[in-house]
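Enquirer: My structure is below; once you've seen it, I'll send some questions.
The values are calculated or read from the model by the stated rules, or taken from the named source; none is laboratory data. Predicted model, so just to flag it, every value in this text is computed and none were measured. Heads up, the Cβs are rebuilt from the backbone with ideal geometry, glycines too, and the neighbour counts pull from every protein chain shown. In case anyone asks, the SASA skips ligands and DNA or RNA and just uses the protein heavy atoms, side chains included. Shrake-Rupley method; radii C 1.70, N 1.55, O 1.52, S 1.80 Å.
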Amino acid sequence: MAAAGENGNGATGAAETANVPPVPELPEVPTVDLSLPERIASFKQELLAYLGELVPPGEPPWDIATFEGYGRGLVATRDIAVNELVFVDRPVLVGPRVNNYEVIFCASCCSILRRLQLCTGGCRLPICSRCDYSVGASSPHAAECALIQSWQPKDAGRYSKNILYALTSIRGFLLSERDRSIVLQMEGHPPRKEMTTEIERLLKDGYFWNLDGEGPAVRYLRQVVNILNTNAFETSRIVADEENNQHEIILRGLYILGALMNHCCRPNVRYVFDGELRMRVHASRPIKKGEQIMNNYSKILWGSQHRIIHLCFSKNFLCCCDRCKDPTEFGTYLGALKCVRESCPEGRLLPVNPLKISSVWRCDRCSLKMDNIKASKIQEIASRMIMNNAIKREASHIIDYLNDHIVKFLLPTNQFTVELKLQAIKKIQSDRPLVELREKEKYCLEILDILQRLNYGECFVKGVLCYELFVTRVTIAQLLNESEIATETSNLDQLRTAWQILKPSGNRPRDLQQLVVTYGIE
C-alpha cells in the first residue's frame with residue numbers, strides 16, 4: 001500500500017502558501033423569522049438565482065409557502081399532469097456519506113483506485129493523480145485540501161476515513177456568499193444526545209493540531225452537519241474500475257429546492273438523479289393548483305410503525321397522513337403480523353392506534369391482544385432472519401426460504417416478506433432456470449399490486465419493477481420459444497412505463513434504451 005505525502009512537514013509548508021478560504025462569520029441565532037412572507041420572497045429569489053438556467057422561462061409550476069404543521073414547503077401554482085417535470089435541482093453540497101465503503105475511490109471525482117493513494121498535500125484523503133493537490137489550482141480538490149491543511153492534520157501520511165466522512169460538511173467552507181446564505185436558511189435539527197456526528201468524532205479523537213473545538217470554524221461545521229442531516233438526499237455516481245466493472249458510489253447531496261418538499265407517506269412526486277447529479281422531480285400523480293408538492297422521506301414499502309420510528313428519530317416529526325392512520329395501510333398489510341394462535345391461521349395482528357409506537361396490537365379475526373414490546377420483538381427477529389437469508393444468499397435459497405419458511409410466520413405482504421422478494425428480483429438474472437424466472441415474474445406482479453393499492457402512481461420503484469417484469473417475460477418467451485409473449489401489448493406497456501419513469505436517471509439499467517429501440521417504444 002503506497003501512501004503519498006508521508007512527510008508531515010511538507011504538508012504544513014504547503015498550507016502556509018495555500019489560498020485558504022476564510023471562516024464565515026455566522027449569527028448564533030437567526031435574527032429574522034424565515035417564515036415571514038418577505039423573507040420567503042427574498043429566499044426564493046436567491047434560490048432562483050442559484051438554479052439559473054435550470055428554471056425554464058416564465059413562472060415555474062411551484063412556489064414556496066408556509067403550511068400549518070409543516071412550516072415552509074412547495075405548492076403547485078397550476079395543475080400539474082402526471083409524469084410532468086416539476087423542477088430540476090442541483091446540489092449545493094455533495095460528497096461522501098458517513099458510512100463504510102466497499103471500494104477505494106477518489107474523494108474528489110469518485111474514480112476507483114486499485115490501491116490507496118493519499119493526496120500529496122497531507123489532507124489524509126484518497127485522491128487520484130488527476131485530482132491530487134500537486135496538480136495545482138486546476139485540481140478540483142486543491143481548495144478543500146488547502147483548508148484541511150490549515151487545520152494541521154496529525155499523521156498526515158495515513159488515510160483517515162473520518163476526515164473522508166466529514167468532507168461533505170467541510171466543503172461548506174468553499175461555498176460562495178450567496179450559496180452559503182441559502183444553505184444557512186435551511187432548518188438544521190441538532191443531533192440526538194446518543195449520536196456522535198462526524199465533526200464531534202474528529203474533535204474527540206484529536207485529528208488536527210489547529211482546529212479549536214469552540215471556535216467559529218467548528219461552530220460553522222456543526223451548523224452545516226445539522227443542515228445536512230436534516231435535509232440531505234442519498235445520491236450516487238456510477239464509476240467503472242480498470243476491468244470495466246461498474247460500481248455505485250453512494251453519496252449524499254444537499255438539494256435546496258428538493259429539501260423544501262414536505263413529507264407524505266403517499267407523495268405526489270418521484271425523483272431521479274441524472275448523470276450530472278441533478279435532481280429531476282416529476283409528478284407521480286396529478287397535482288392540483290394550490291396542492292402541496294410532497295415527497296416521501298422514508299421507505300415506501302416499510303410498514304407504518306417502521307416509518308414512524310424512522311421519521312421520529314431522523315426527521316423529528318410524527319407523520320399523521322391517511323396511510324399512517326389506517327392500520328391496514330389501504331389493504332396492503334405491510335406492517336401487519338401473522339396471528340400467533342395456531343387456531344387462527346388467517347388472523348392478522350394490527351396496532352389498535354397505528355400513530356402510537358406503544359400501541360397495543362390486536363388480531364382482526366380472533367381479537368387476540370399483544371403488547372407493543374412483543375410485537376416489536378417479533379419484527380426484530382423477522383428483520384434479522386431476512387438479513388441472514390437474503391443479503392449474501394443465492395436466489396434459489398431466497399425462493400426456497402420464501403416458499404418453505406416465511407409463510408409460516410409472516411404474511412405474504414409483510415414488509416419483510418416484500419424485502420426478500422425485492423432481493424430475489426435483483427438476484428434472479430436472465431441465465432437462471434425457468435422456475436426461478438417464474439417466481440421473479442410473480443414477485444414483480446405482487447409488489448406492483450401493493451403499489452397500486454397504495455395509490456403510489458408512477459413512482460420510481462414501479463419503473464424498476466416494470467423493467468424487471470418486461471425483461472423476465474422476454475427471457476421466459478425465449479426459453480419457451482413463444483415470442484408472442486414478449487410483444488403482447490400488456491408487456492410492452494411495462495417497458496413503456498419503465499422508460500417513462502427511468503429515462504432521466506443516470507443509474508437506469510444499461511440495456512433499457514436499447515430495449516426501447518428494439519421494441520419500437522419511441
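Enquirer: Going by average Cβ density within 10 Å per residue, which order do the peptides 335-345, 459-469 take, highest to lowest?
Expert: So the peptides 335-345, 459-469, ranked by packing, come out 459-469, 335-345.
Enquirer: What is the packing order of peptides 122-134, 353-365, 477-489, taking the mean over residues of other C-beta atoms within 10 Å and listing the highest first? Intermediate results must be reported in sequence, preceding the final value.
Expert: On the way: 122-134: 22.3, 353-365: 16.2, 477-489: 11.7.
Descending packing order for the listed peptides: 122-134, 353-365, 477-489.
Enquirer: Work out, step by step, the length gained on full extension between C312 and M195: first 0.36 nm times the residue separation, then minus their alpha carbon distance; give nm to one decimal.
Expert: Between C312 and M195, full extension yields an extra 40.7 nm.
Enquirer: Another question, then. Could you tell me the largest-minus-smallest coordinate of the C-alpha atoms of segment 302-456 on each of the three principal axes, in descending order and whole angstroms?
Expert: Between the extreme Cα coordinates on each principal axis of segment 302-456 lie 46, 38, 26 Å.
Enquirer: OK, next. How long is the gain from I357 to L492 if the chain were fully straight, where each residue apart is worth 0.36 nm and the alpha carbon distance is subtracted?
Expert: This chain segment gains 44.3 nm when fully extended.
Enquirer: Here's another thing I want to ask about it. Relative contact order, percent, of the chain when contacts are C-alpha pairs under 8 Å separated by at least 6 residues?
Expert: 14
Enquirer: By how many nm would the segment from C109 to I485 lengthen if fully extended, with 0.36 nm per residue of separation less the alpha-carbon distance?
Expert: Working it through step by step, the gained length comes to 131.0 nm.
Enquirer: Share of antiparallel DSSP beta bridges in the chain, in percent to the nearest 5?
Expert: 95
Enquirer: Would segment 155-271 count as rounded, prolate or oblate if I go by the C-alpha gyration tensor, calling it rounded below 1.5 in a/c and otherwise prolate when a/b exceeds b/c, oblate otherwise?
Expert: Judged from the Cα gyration tensor, segment 155-271 comes out oblate (a/c at least 1.5, b/c at or above a/b).
Enquirer: In whole Å, what are the Cα extents of segment 30-133 along the three principal axes, biggest one first?
Expert: 53, 39, 26
Enquirer: Round to a whole number: what % of the accessible area of segment 29-296 belongs to carbon and sulfur, probe 1.4 Å?
Expert: The computed percentage sits at 48.
Enquirer: Oh, and also: Roughly how many nanometres apart are two label points built 7 Å out from the Cα toward the Cβ at D371 and R453?
Expert: Spacing of the two 7 Å Cα→Cβ label points: 3.1 nm.
Enquirer: From the Cα gyration tensor of segment 121-215, with a ≥ b ≥ c the square roots of its eigenvalues, which class applies: rounded if a/c is under 1.5, or else prolate if a/b is larger than b/c, or else oblate?
Expert: Oblate, since a/c reaches 1.5 and b/c is not below a/b.
Enquirer: Within the accessible area of segment 417-522, what % is carbon and sulfur when the probe is 1.4 Å and the other protein chains stay in place?
Expert: Roughly 47 percent of what the probe reaches on segment 417-522 is carbon or sulfur.
Enquirer: Roughly speaking, what % of Cα-Cα pairs in the chain are separated by over 30 Å, rounded to a whole number?
Expert: 57
Enquirer: Assuming 0.692 mPa s and 37 °C, estimate D for segment 29-296 with Stokes-Einstein, Rh taken as the Kirkwood radius over Cα pairs, in µm²/s.
Expert: 164
Enquirer: Where only protein heavy atoms count, and the probe is 1.4 Å, what is the accessible area per residue for the chain in Å²?
Expert: On a per-residue basis, 48 Å².
Enquirer: Which pairs in the list K392/K440; K338/K421; K338/K440; K161/K315 are over 22 Å apart, alpha-carbon to alpha-carbon?
Expert: Going by Cα-Cα distance, K338/K440; K161/K315 fall outside the 22 Å limit.
Enquirer: What distance in nm separates the two pseudo spin-label positions at T518 and R393, each 7 Å out from Cα along the beta-carbon direction?
Expert: Between T518 and R393, the label points sit 3.1 nm apart.
Enquirer: For segment 288-349, take the alpha-carbon Rg, divide it by the Kirkwood Rh, and send me Rg/Rh.
Expert: Result: Rg/Rh = 1.10.
Enquirer: Taking amide H positions as placed in the peptide plane 1.01 Å from N, state which residues far from W62 in sequence (5 or more) or on other chains have amide H under 5 Å from it.
Expert: Here T77 satisfy the definition.
Enquirer: Over segment 410-496, what portion of Cα pair distances is larger than 15 Å, expressed as a whole percent?
Expert: 58
Enquirer: Something else now. I want to check the label-to-label distance for R438 and E291. Put each point 7 Å from Cα in the C-beta direction and report it in nm to one decimal.
Expert: 4.1
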